[in-house]
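Working notes for the structure below.
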Amino acid sequence: MKAISVDGVSPTKETVKDGTYPIARSLYLYTWEKTSLKEGKFIDFILSEEGQNIVGEEGFVPAR
């Protein structure tokens, strides 16, 4: 699959993050008050520097 420009906007990390690339979407992690220790550790890892590096390596735009 190849990302394409839409209405003259290229699919870059910047345009995805600032919302100007029109076909990007956000991914969310939801939790609740009874989140288990394992779930909490997973969320902490995903948001850590190491986790965000993996997110970027997999082709997603890191949250941080």
Of (1) surrounded by fewer than 10 Cβ atoms within 10 Å (Cβ to Cβ); (2) assigned to a helix (DSSP H, G or I); (3) among the charged types (D, E, K, R), ASP44 satisfies every one except (1)
For segment 9-41, which positions are in a loop (DSSP other than H, G, I, E, B) and either charged (D, E, K, R) or surrounded by fewer than 10 Cβ atoms within 10 Å (Cβ to Cβ) (or both)? GLY19, ARG25, SER26, LEU27, TYR28, TYR30, TRP32, GLU33, LYS34, SER36
Cβ pairs under 9 Å, 6+ apart, first in segment 24-42 and free of Cβ contacts under 8 Å to residues at least 12 places away in the same chain, second of a type in the set (Ser, Thr, Tyr) and surrounded by 10 or more Cβ atoms within 10 Å (Cβ to Cβ): GLU39/THR31; GLY40/THR31
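No value in this document is a laboratory result; all are computed from the given coordinates. Bear in mind that the values here come from a model prediction, so they are computed numbers and not experimental data. Heads up, the Cβs are rebuilt from the backbone with ideal geometry, glycines too, and the neighbour counts pull from every protein chain shown.
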